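See structure below.
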Protein chains: 2
Amino acid sequence: MIVEILSTGDELLTGQVVDTNSTWLMDRLWDLGVMVRRKTLVADDRADLVAAIRETAARAELVVMSGGMGPTEDDLTAECVAAVLGVPLELHESSLRVIEERFRKFGRTMTPNNRKQAMFPRGAEVIPNRFGTAPGFAVKVARGEVVCLPGVPLEFKGLADEWVLPRLAARLGDVPAARVLKLFGVPESHADDAMRPVMDDPANAGVRWGYRAHWPEVHVKWTVPGPDAAARADRIRDAVRAIFGEAVWGEAKEELPELVVARLAARGERVALAESCTGGLLAELVTRVPGASNVIDLGVVAYANAMKERLLGVPAGVLAVEGAVSEPVARALAEGARRVGGAAWGVGITGIAGPTGGTPEKPVGTVHVALASAAGTVHVERQYRGDRERIRRQAAYEALNLLRLALR
Amino acid sequence: MIVEILSTGDELLTGQVVDTNSTWLMDRLWDLGVMVRRKTLVADDRADLVAAIRETAARAELVVMSGGMGPTEDDLTAECVAAVLGVPLELHESSLRVIEERFRKFGRTMTPNNRKQAMFPRGAEVIPNRFGTAPGFAVKVARGEVVCLPGVPLEFKGLADEWVLPRLAARLGDVPAARVLKLFGVPESHADDAMRPVMDDPANAGVRWGYRAHWPEVHVKWTVPGPDAAARADRIRDAVRAIFGEAVWGEAKEELPELVVARLAARGERVALAESCTGGLLAELVTRVPGASNVIDLGVVAYANAMKERLLGVPAGVLAVEGAVSEPVARALAEGARRVGGAAWGVGITGIAGPTGGTPEKPVGTVHVALASAAGTVHVERQYRGDRERIRRQAAYEALNLLRLALR
């Protein structure tokens, strides 16, 4: 099945806006076992758009278009599709009524231009849009179908999820089963080596494999075709879980901060944070989760030694003898956060994020993370590579991972 | 001048990797006054790639290709360009020696495949690559030139900056002058209205205008063509600054957190932060800047009222009477942070980031930000729209903006 994507919009060709719709749709299509054959991006220009529609429609069985569906003069999609088909634009009465109703509801004044959003090529199937003003539409062409969706990401994704993808799945018949396992602490190259036995297993012939670096995580993904796809995909999941063990922390749409917050909430426990090199990144990741206030009362960004000492009770002697970036200080930070915050769990992070501040003994990237609880304090030391942002992010995820493991 | 971009790579068509090279290059080309005419993305497939090269080269005066330059079987760019030209691939001896030297230097073993990276279509101009292994190359075609660059972003951008863009600028002759002003606190629609007199000024005919929503900032951008472009562009800058006054915080590549850190460092002063609804985001933004340790010792994420009271001295009575989301609490947080951190400046942020927790009197999006100093405490109340992430980000930037204004 040949699928192409065609996006239109001057703002996409001047680097002002990234065409996230395409990447999102490619990912969804890949889950259906379809690799997009070609993706084209053209300006809001009649001649260019007509040429691009004609070319893509001649090659592909399904063309998904994004953009050019607004009310302004630059919005040319319906007009150009009609030109390619050699049919006129016609007013779609019920769409017009929906648009009018929408304007009334939001108390806005409808301009004559908005009427344009209810004009479609004769014979088009209109795709109602409950996410915004402009409906989408689909037309038959020589080899298949051209589906035109609004470019606003919320609307594009909404209509693709509700209309395009289910119909495509039905048209494809056997949809492959897609699975994702999310790993932490396994570099992508190691993951690939470790996966070899499963990938080379003759029982898994025809399976498509992929790695996605969701840094600092690695996601392993596979799609299985055929009639018993789901069962085969699940057997592979068991095999992959057996290979990576505890390094697998989640599946599908799970996110590590959400998982940690949910586990704490389920236990009715709280965590308090003491961050040095991560500078509030861990607190930000945790509190970004809605409902985080049920599991966190306190985070301290103790950037200076005096603050580690005064607010969290890290002994001055330990700071002087061991240095701020050391196991004892990480432990004292975790225990101090737990005590001051009155929480079941305390996290301490100290390290050298760079670009300066490294020494031969403690180079940039040296990080100590500790987790304190009633059962005692655990600690890991890491040596990360990369720039300041990568080191900080990896350190914050290391702490989330320690919590995840402790909260099993 | 018709410029097209052609990218190749299966990983780009399955949604695994976003083609950031194209967006970056489009932005750079726009600064030269060139809007890319079409962008095409094809798989690592001989027939598709040959067809796409042939089509783009027939339309464009310059085609910039990205990807397919690696050592593996899937890397087909040189082979397909040669096929389109009807010429053989030839070994480029000096490139081979550079590649061999590179492998020696990094102590890696060179495989026969890497030899492939020194093979180019006969007659191609080789573009040395000091950022990685694979050189780029350029060939003449009917209407102009096809330039092929490696897809690794660091290498693509490096070679585009060193080779493609300067040559294009020379070829274009008069390069327009591009300017950016960065605003905070002005919605994009207001910016557009306020800019009307400048945009409609006959003296500014031929100028191209653009807005970039770098949320929560708005960037106003213009490119001026013609022989006295720079002087005209600077005159517009003065006019735009006069319109927006204090709302203009920076130009070009400046970033607000960097600016605030630099101004604090220049004065030898420090800031201490007390965050509630932003949950560490402000601390994270400040400490992300290298050298932030010179200007920040302490951030407290006081998510619970007890922590606001215990660590920052916010009076229990004020919390009880006014509620945690109130002007007096924001002021007490700022003053408490300043006192506890022993800093010249103290920031306090409290608000309702949602999705729950709003009331009719204090709906989701209500935020109070205060800035304390020896001169007293200033305060702003805001009512933001949007989801949790947008509210938090806007609140953190509001605090940075208060600091920026106070540090003039």
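Taken together, the values in this text are just the output of simple stated rules run on the coordinates, not laboratory data. Given the structure is predicted, the values throughout are model-derived calculations rather than measurements. Cβ coordinates were reconstructed from backbone atoms using ideal geometry, including for glycine residues, and neighbour counts include every protein chain displayed.
Sort region B:3-172 into rounded, prolate or oblate with this rule: let a ≥ b ≥ c be the square roots of the eigenvalues of the Cα gyration tensor; rounded if a/c is under 1.5, and if a/c is not under 1.5, prolate when a/b is larger than b/c, oblate otherwise. Working shown, then result.
On the way: a/c = 1.43, a/b = 1.35, b/c = 1.05.
Because its axes are fairly even, with a/c under 1.5, region B:3-172 counts as rounded.
Could you tell me how far the Cα centroid of region A:263-285 sits from the Cα centroid of region A:303-322, in Å?
Going from one Cα centre to the other spans 20 Å.
Less than 20 Å from a label point 7 Å out along the Cα-to-Cβ axis of B:ALA142: which backbone N atoms in region B:82-101 qualify, by residue?
B:82-88
For the modelled label position 7 Å from the Cα of A:MET1 along Cα-to-Cβ, which residues of region A:142-158 have backbone nitrogen atoms closer than 14 Å?
A:144-147
Given the options B:ALA82, B:ALA375, B:ALA57, state which has the largest fluctuation in a GNM of chain B using a 10 Å cut-off (strictly under) for Cα springs.
B:ALA375
Would you mind checking the pairs A:LYS116/B:LYS362; B:LYS116/B:LYS140; A:LYS39/A:LYS105; A:LYS105/A:LYS140 and listing those with alpha carbons more than 29 angstrom apart? Working shown, then result.
Details: A:LYS116/B:LYS362 40 Å; B:LYS116/B:LYS140 21 Å; A:LYS39/A:LYS105 37 Å; A:LYS105/A:LYS140 34 Å.
Beyond 29 Å: A:LYS116/B:LYS362; A:LYS39/A:LYS105; A:LYS105/A:LYS140.
Run the quick spin-label model on B:ASP200 and B:ARG130: label points 7 Å from Cα toward the beta carbon, then report their separation in nm to one decimal.
With each label point 7 Å from Cα toward Cβ, the separation is 5.1 nm.
Provide the packing ranking of A:376-383, A:8-15, B:273-280, i.e. peptides ordered by the mean count of other C-beta atoms within 10 Å per residue, highest first. Intermediate values should be presented prior to the final figure.
On the way: A:376-383: 14.2, A:8-15: 23.0, B:273-280: 31.1.
So the order, starting with the most tightly packed, is B:273-280, A:8-15, A:376-383.
In nanometres, what is the gap between the two model label sites at B:GLU93 and A:LYS253, each 7 Å from Cα along Cα-to-Cβ?
Modelled inter-label distance: 6.1 nm.
Pull out a ≥ b ≥ c, the square roots of the eigenvalues of the alpha-carbon gyration tensor of region A:284-408, then state rounded if a/c is under 1.5, prolate if not and a/b is larger than b/c, and oblate in the remaining case.
Values: a/c = 1.70, a/b = 1.24, b/c = 1.37.
It comes out oblate by the Cα gyration axes.
Test of understanding: in a Gaussian network model of chain A with alpha carbons linked when under 10 Å, which of A:GLU101, A:GLU145, A:GLU361 would top the mean-square fluctuation ranking?
A:GLU361
Per-residue HN-Hα couplings for region A:329-340, Karplus 6.51 cos²θ - 1.76 cosθ + 1.60 at θ = phi - 60°, whole Hz, x for Gly and Pro?
Calculated HN-Hα couplings, in order: 5, 4, 5, 5, 5, 4, 5, x, 4, 4, 5, 5 Hz.
Would you mind getting me the FRET efficiency between B:ALA242 and B:ALA406? Use the beta-carbon distance for r and R0 = 22 Å, nearest 0.05. Show your work: numbers first, answer last.
Details: r = 23 Å, r/R0 = 1.03.
Efficiency at R0 = 22 Å is approximately 0.45.
Beyond 16 Å, what percent of the Cα pairs of region B:177-251 remain? Can you show the working numbers first?
Numbers: 1156 of 2775 pairs.
In whole percent, the long-distance tail amounts to 42.
Would you tell me the mean number of C-beta atoms belonging to other protein chains that fall within 10 Å of each C-beta in B:30-39, as a whole number?
Values: counts 4, 2, 0, 0, 2, 6, 8, 6, 9, 9.
Average neighbour count from other chains, rounded to a whole number: 5.
Hey, for B:GLY206 with labels 7 Å out along Cα-Cβ, what do the inter-copy distances come to in nm, ordered shortest first?
6.5
Quick check: from the Cα gyration tensor, does chain A come out rounded (a/c under 1.5), prolate or oblate? Write out the running numbers ahead of the final one.
Working: a/c = 2.64, a/b = 1.90, b/c = 1.39.
Here chain A falls in the prolate category.
At 0.36 nm per residue, minus the direct Cα-Cα distance, what do B:GLU361 and B:GLU269 gain on full extension? Give it in nm, one decimal, please.
Values: separation 92, 0.36 × 92 = 33.12 nm, distance 3.76 nm.
Answer, rounded to one decimal: 29.4 nm.
Which value in nm describes the separation of the simple spin-label points at B:ALA306 and B:ARG46, placed 7 Å from the Cα toward the beta carbon?
So the label points at B:ALA306 and B:ARG46 sit 7.1 nm apart.
Based on the alpha carbon coordinates of region B:254-298, what radius of gyration and maximum Cα-Cα distance (Dmax) apply, in Å?
10.1, 30
Assuming R0 = 30 Å, what is the FRET efficiency of B:ARG208 and B:ALA58, from their Cβ-Cβ distance, to the nearest 0.05?
Details: r = 28 Å, r/R0 = 0.92.
Approximately 0.60, to the nearest 0.05.
Considering only DSSP beta bridges where both residues belong to chain B, give the percentage that are antiparallel (nearest 5). Intermediate values should be presented prior to the final figure.
Values: 42 of 67 bridges.
About 65 percent, rounded to the nearest 5.
Evaluate peptide B:267-279: per residue, the Cβ atoms of other protein chains within 10 Å of its Cβ; return the mean as an integer.
Working: counts 0, 0, 0, 2, 0, 4, 2, 0, 6, 2, 2, 4, 12.
Average per residue, whole number: 3.
Give, to the nearest whole percent, the P(r) tail of region A:357-408 beyond 16 angstrom, counting all Cα pairs.
Values: 596 of 1326 pairs.
Percent of Cα pairs beyond 16 Å in region A:357-408: 45.
Can you give the mean number of other chain Cβ atoms that lie within 10 Å of the Cβ atoms in peptide A:15-28? Provide the component values of the computation, followed by the final result.
On the way: counts 14, 10, 4, 6, 6, 1, 0, 6, 8, 1, 1, 9, 3, 1.
Across the residues of A:15-28, the mean count of other-chain Cβ atoms within 10 Å is 5.
For A:VAL126, place a label point 7 Å from Cα along the Cα-to-Cβ direction in every copy; what are the distances to the other copies, in nm, shortest first?
Sorted ascending, the copy-to-copy spacings read 6.2 nm.
Students often forget the sequence filter, so: which lysines lie under 23 Å Cα-Cα from B:LYS182 once same-chain residues fewer than 8 apart are removed?
In chain and number order, the partners are B:LYS221, B:LYS253.
Starting from the alpha-carbon convex hull of the protein assembly as shown, give the projected area averaged over all orientations, in nm². All intermediate terms of the calculation are to be shown ahead of the outcome.
On the way: hull surface 150.4 nm².
Averaged projected area of the protein assembly as shown's Cα convex hull equals 37.6 nm².
Per residue of region B:361-374, in order, report the coupling 6.51 cos²θ - 1.76 cosθ + 1.60 (Karplus, θ = phi - 60°) as ³J(HN,Hα) in whole Hz, putting x for Gly and Pro.
6, 10, x, 3, x, 6, 9, 10, 10, 10, 10, 9, 8, 4
Under the convention of a label 7 Å out along Cα→Cβ, give the distances in nm from B:GLU93 to the same position in every other copy, shortest first.
8.1
If I take the rotation axis that carries chain B onto chain A, which residue of chain B has the nearest beta-carbon, and at how many angstrom?
Spelled out as residue then distance in Å, it is B:GLY280, 2.
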